[in-house]
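Presented below is the structure to which this report refers.
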Amino acid sequence: MPVITFEGPKITKEQKEKLVKLLTDAAEKVTGIKREAFIVLIKENEPDNVGVGGELLSKRLAKKQ
């Protein structure tokens, strides 16, 4: 079974439903594999758990405000 992994910020349940549908639709169209075979994993990352350019994302976001 093919696995699609999305890592990003926290999103709403409605956004997750739309994301899963659109990713599955695209993967089925491109590969020709039936949609029932796909597994979509959503991993939500807090800004304190992400480093960009040597510093925490939360710190970078705070600087922009």
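Nothing in this text is a laboratory measurement; each read-out follows from the coordinates by a stated rule. Predicted, not measured: the structure shown is a model, and the values here were computed from it. A quick note on method: Cβ atoms are made from the backbone with ideal geometry, for glycine too, and the neighbour counts reach across all protein chains shown.
What the table below lists for this structure:
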| quantity | calculated |
| --- | --- |
| Length released on extending from Glu7 to Glu36, taking residue separation times 0.36 nm less the Cα-Cα span | 8.3 nm |
| Entries in Lys29/Lys64; Lys16/Lys64; Lys21/Lys63; Lys21/Lys59 that, when Cα-Cα distance is taken, lie over 30 Å | Lys29/Lys64; Lys21/Lys63; Lys21/Lys59 |
| Distance (nanometres) between label positions extended 7 Å along Cα→Cβ at Lys21 and Ser58 | 3.4 |
| Relative contact order (%) - the chain, alpha-carbon pairs under 8 angstrom, separation at least six | 40 |
| Angstrom value of the Kirkwood radius, inverse mean 1/r, which spans all Cα pairs in the chain | 13.6 |
| Those trypsin sites (Lys or Arg not before Pro) in the chain that DSSP places in a loop and that have at most 15 other beta carbons within 10 Å | Lys10, Lys34 |
